[in-house]
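One structure is given here, and the rest of the page talks about it.
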Amino acid sequence: MIQILSLLMSVSLVSFIEYILPPILYIIVFPGLIVVLLMLFFMIWLERKVAAKTQLRFGPLYVSKRFGGVIQTVADLIRFSFQEFIIPAGADVFAYIQAPGLLMAFGLLPLIFIPVGPYYANIFPANYSLLIVVPLIIITPIYVILLGWASDNKFSFVGSMREAFLVISYEIPLILSILSMILLYGSVNAINGVSFQIGRGIPGIVLNPIAAFLFLVVMIRTTGRFPFEISEAESEVVMGPYTEYSALFFGIGMSLPYIELYSFSLLFSVLFLGGWWPIVPSAAAASGVVGGLLLPGLVVFIKALIVMAFLVFLRAVYPRYRIDQAITVGWDQAVYLGFAAVALSMALVWSGLV
Amino acid sequence: MTGRKNNRIKGHVDALATGFKYLAEPNRMTLNYPDESMNLKDNYRGFFAVKDKTCIGCSLCEIVCPPKAISMLDLTDAGGKKKKRPMIDWGLCIFCYFCVDICPTDAFQTSQVHDKAFYSETEYQTVHGEPMQYPYDYSKRPDYKEIYESFHDVAPDDPSAGSKKVVPKFDKKRGIKYEHPGQP
Amino acid sequence: MTAASRVITGITFTTDEAKGIFEVEASDGAHLLDLATRLKAAGFDHCLSVTAEDLGDRLAVLWHISSYTNRELSGMNAQIRLVVSKSDNVEVPTLTGIWESANFLERETYEMFGVVFKGHPDMRRLLLPDDFTGKWPMRKDFPLKKTPWRVQK
Amino acid sequence: MSAPQDRTATANLTYDELAGLKADRELVLLIGPAHPGSGHMKIKVWMDGDIIQRVDPDIGFVHRTTEKLSENRLYIKAIPIVERVMLPDTINANLAYVIALERLLGIEPTPRAQYLRTLTSEINRITSHLYGIGLYGIFLGSSTVYMWAFADREPLIDLIEEISGARITYSYIIPGGVRWDLPAGFKERAETVLQYMEARLKDYGKIWVRNPVVMDRTEGVGVVSKSDAIRLGITGPNLRASGVDYDTRRAKPYAAYPNLDFEVPTFSEGDCYARLLQRVEEIEQSIRIIRQVLKDIPDGRIISDDIYSKMNPLQKRMYEMKHRVMFPAYMASMRPAAGRSTASVEAGRGEIFFYLVSNGDKVPFRFRWVTPSFLNLPFFTHVMVGQHLADLPAIYGSSDYFPPEADR
């Protein structure tokens, strides 16, 4: 106890700003929890609003009418918080309660390993960031199966099995897509990837459009956007894995795809959209929190927002695929496309064009 | 537009382009109901009332009423004269206007009011638009005045009270456009 | 009904074209099956309705048939009528073997009128709830809560 | 093979033998009545993996004994009752009943009334098809086409509202004619709406009908061959999408249809996509019919002389002033002579068949309703078998099944 106190005493203001504040900032504020929450509010509202505009109607309007109903989602959150939380009679209570928490945790974890600025390397070890992000993203189906199984509902179980089938079928394309970018950038460190793109002046989406397209498709699939909103297909399996959940736990289930969408979009803008380009911090600025983390992070965030806005807009255009069609695409065409992406990267590296 | 051969890429591009077209130029057809309400056409079948002076108490409206929403009440007027008058149960009425049309003396006064709200079940049952007590309290008879105006005045419990009145206009591009007649 | 008749492939229909009635009466179950087979062969290819009429002490079971493919026959709703004496469970032969489209229609007639179609593959209730205890609601003797009405004479 | 009662009986079986025990792998899903994809009905589905083995539709959740109700009411009171089971196309139900009643009464409507019946019936057919297309959209997950279809019903509903004063339950057609005449300037407004509809159909084509995802989902799914469609007695657009060239409007002509020039579109494929295309084509044909009706509509009374002569002087004066038919007291007391009649009408979902029996009393002796959705029930028992679970909403949506209509 005394040791800790003395340690705290010895911490000067400078070292606080330099060593302790950035990780807190990173995890709690941006791109961590607070921005995730704000992003959730905004994104769900945007999705409803964009869909409504296409569909000849107004969308959320009456909560804060002057601002187009932008705090409708906050009102929904309040409603969810005061709803009764029901545990079904046949449910495995322990698993039923812990599964959404685990899902949420594994949905949020990848955010820590996605660098949104060169300063990131000073906070966390960034050398293997891509290698860590990929397994964290694709581990979620285990908990979705747990969710569906614990609910003791056939529709939940069918929905969670669908989710697992789909995520597994899109694992290989995802890995191949990221692998081709790793080959291209010559590093599993995402910061090096961004420096590569900024150094050449060409974003990854131009260097390897096949990988970018593939990543986009996997992103749509994994986050359950249309036309791949299959595991929660309302007219088929009610609400998929979340059928039996109510109150805040249902809110978790509803917001999880958006959180996944957020981490995917950040990764997409880092890997394919040139990261924090056009802000290129100098070596001196990169060592500061503002110049090395916040400003570049803002750029990455805006790019990610645009990607997310496009993906949520797809709801207004597409119906959903059937599960076997989606799985076939995942195991078949998408894998070939993945090999083509890898081959393209190898060809680019080999020929020395980049 | 019907035919099976389709270019997939063109199909995706067309679908996305159509979506963007409506996103850029939203063609909203919603009527923001409590804030705006429609000025309905003259023949709209809304609430109606019986003109007491014209009614002859023939019971035809009661006979023809499909949901049996009308029942004839035996009333005594100020002069001690007995007469039958229809009592309308708005909870049953389906607004088919069979009663209005079958009336041999055209004693029904119609209105375009369709969104009157009731607080309780007992308010459904009215004579001349005035709520009756349930069970029927014959001692509290309404005085025979023209109730017609009461339907046209916006009642305090009317959901569309104070709303902007709009007129629907057909439009070649937008289907229906709601216009504010009061505004230029 | 005006007594006109029309003959289609040897079967005489009592007709009233103004009212859209083309009727042939079956004397018993065997005759019914024979009639139906011949009508099917003549081109009546689907069953439009199966129903019954409660005639007091008897029950008339009706099959309305028409044709999708035969232009001449598709203009009429022919009906086969079989009158049987009324009891709790009236038994008549099913026509699902001849017109498969009679399946659900016969199930409905069973629960509403208590007509058991012998040989029907799936003679169960269809519309009424499982816990309904009354008997044959479409028969005229089914007790109703009646409210009186008046008619101007 | 039947399911082993004792679970330990399967303990010594090899994996392949276990897989052969179909009953053990069987999953029974109860879709409905509280399921977003079921409507007011329960569909009991036996599944083997993702493949549907057997379907048992349990209907009747919105059964309202309407046949019995109408057999205990005056003839005129059945008009609102028949409307209420088929809310998306009330005019057609109303028309079918009135035709049956007119045949009993021996009344012939006037030519102008016939054209007005055809006009409202075709507008109603468009709204009914839009309803079907919209619900098909939400079944496949496209909320856009759902919202579009329901919004685009609005101008059409407004058109009938101008004529009849109501939005859904018009009660517009009465024995002898119709209740209201066309308002002034109706033809121009109707033409505007038709042009709007035609322009919108192009956008429907881009975002929905020719959307590659929709084509993937619907092509080759839920195929009903021509012979199957006839054998199962499927009706309406679903029948024509299987290649059967049958339309009640042409086969059993009524109203003004014999005088009109229209086509009956058919498709030979019989899959879900064909049923979607069928509805779109029929909307185009309905637009064509409405244009003809508005061009050709004859002048004259909208109510037959039989009824007109029974009106009292005040009512006759009202008719001359406002072109609004008031009911003579005869409407409440009509007693058709004993007899029977049938009526067939092509509604949005298929053939409505009514069989009306009078024994000379003031109420019908027997009033048999057969509604198109009830005839389309074999979609559940026959067409869905062998398809994937995800195809169930696709087939259901494409058949345009409407539970209250089937339950009555």
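Exposure proxy check: D:127, A:328 ranked by fewest other beta carbons within 10 Å?
Going from sparsest to densest Cβ surroundings: A:328, D:127.
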**Prompt:** Can you pick out the pairs among C:140/D:252; C:118/D:252; C:135/D:68 whose Cα atoms lie more than 21 Å from each other?
**Reply:** C:140/D:252; C:118/D:252
**Fill in**
Percent antiparallel among DSSP beta bridges confined to the range C:4-118, nearest 5, equals 75
**Asked** Among C:54, C:131, C:88, which one shows the biggest mean-square fluctuation in a GNM of chain C, springs joining Cα atoms closer than 10 Å?
**Response** C:131
**Request:** Summarise the partner chain shielding of B:35-47 as one whole number: the mean count of Cβ atoms from other chains within 10 Å of each residue's Cβ.
**Result:** 3
**Complete:** Most exposed first, judged by fewest Cβ atoms within 10 angstrom, D:64, D:210, D:249 run D:64, D:210, D:249
**Item:** Alpha-carbon radius of gyration plus Dmax, which is the widest Cα pair, for the protein assembly as shown in Å
**Value:** 34.2, 115
**Message:** With θ taken as phi - 60° and the coefficients 6.51, -1.76 and 1.60, list the Karplus ³J(HN,Hα) couplings across the range D:75-80 in order, rounded to whole Hz; mark glycine and proline as x.
**Reply:** 4, 5, 6, 6, 4, x
**Message:** About the Cα centre, and with charges only on the beta carbon of Lys, Arg (+1) and Asp, Glu (-1), how big is the dipole of the range D:151-219? Nearest 20 debye, please.
**Reply:** 140
**Fill in**
Once normalised by the length of the range A:87-351, the mean sequence separation of its alpha carbon contacts under 8 Å that are 6 or more apart gives a contact order in percent of 29
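Rounded, prolate or oblate: which fits chain A when a ≥ b ≥ c are the square roots of the eigenvalues of the alpha-carbon gyration tensor, with rounded for a/c under 1.5 and prolate only if a/b beats b/c?
oblate
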**Message:** For peptide D:325-335, what's the mean number of Cβ atoms from other chains within 10 Å of each residue's Cβ?
**Reply:** 5
**Item:** Charge tally in the Cβ shell below 11 Å around residue D:133, where Lys, Arg are +1 and Asp, Glu are -1, residue D:133 excluded
**Value:** 0
**Message:** Can you order the peptides B:24-34, A:42-52 by their average number of other Cβ atoms within 10 Å per residue, highest first?
**Reply:** A:42-52, B:24-34
**Asked** With θ set to phi - 60° and the Karplus curve 6.51 cos²θ - 1.76 cosθ + 1.60, what are the ³J(HN,Hα) couplings of the range A:106-118 in order, to the nearest whole Hz, using x for Gly and Pro?
**Response** 6, x, 8, 4, x, 4, 5, 9, 9, x, 10, x, x
**Neighbour-count order for D:128, A:345, fewest beta carbons within 10 angstrom listed first** = A:345, D:128
**Prompt:** Quick one: putting +1 on the C-beta of Lys and Arg, -1 on the C-beta of Asp and Glu, what dipole do you get for the protein assembly as shown around its Cα centre, in Debye to the nearest 20?
**Reply:** 2360
**Asked** Counting Lys and Arg as +1 and Asp and Glu as -1, what is the net charge of the other residues whose Cβ lies under 13 Å from the Cβ of residue D:153?
**Response** -2
**Request:** Would you mind checking D:206/D:226; B:172/D:187; C:19/D:322 for any pair whose Cα atoms are more than 22 angstrom apart?
**Result:** D:206/D:226; C:19/D:322
**Asked** Evaluated at 37 °C with a viscosity of 0.692 mPa s, what Stokes-Einstein diffusion coefficient in µm²/s does the range A:46-102 have when Rh comes from the Kirkwood expression over alpha-carbon pairs?
**Response** 234
**Item:** All lysines inside 27 Å of residue B:81 as judged from Cα atoms, apart from same-chain residues fewer than 8 positions distant
**Value:** B:51, B:53, B:68, B:140, B:145, C:153
**Message:** How high is the relative contact order of the range D:31-154? Use alpha-carbon pairs under 8 Å, at least six apart in sequence, and give a whole percent.
**Reply:** 13
**Selected from A:312, A:187, A:249, residue furthest toward positive end of dipole (the range A:87-351; charges at beta carbon)** = A:187
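Hey, got the average number of other protein chain Cβ atoms within 10 angstrom for residues in D:366-375?
4
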**Prompt:** From the Cα gyration tensor of chain C, with a ≥ b ≥ c the square roots of its eigenvalues, which class applies: rounded if a/c is under 1.5, or else prolate if a/b is larger than b/c, or else oblate?
**Reply:** oblate
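Around residue A:152, with a cut-off of 14 angstrom between Cβ atoms, what is the net charge of the other residues, counting Lys and Arg +1 and Asp and Glu -1?
-1
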**Asked** Which distance in Å, rounded to a whole number, links the C-alpha centroids of the range C:10-65 and the range C:79-130?
**Response** 14
**Request:** Whole number please: convex hull volume per residue, Cα atoms of chain D, in Å³.
**Result:** 147
**Complete:** Under a Gaussian network model of chain A whose springs join Cα atoms within less than 10 Å, the largest fluctuation of A:67, A:250, A:196 belongs to A:67
**Item:** Choice from D:165, D:49, D:60 showing the highest fluctuation, given a GNM over chain D with Cα pairs closer than 10 Å
**Value:** D:49
**residue D:199-residue C:124 pseudo-label distance in nm [points 7 Å out on the Cα-to-Cβ vector]** = 5.2
**Fill in**
Scanning the protein assembly as shown, every Cys lacking a C-beta partner under 4.7 angstrom -> B:55, B:58, B:65, B:93, B:96, B:103, C:47, D:272
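Read-outs: derived from the displayed coordinates by stated rules, not from any lab. What you see is a predicted model, and the numbers here were worked out from it, not measured in a lab. Using ideal geometry, Cβ is built from the backbone for each residue, glycine included, and neighbour counts are taken over all protein chains shown.
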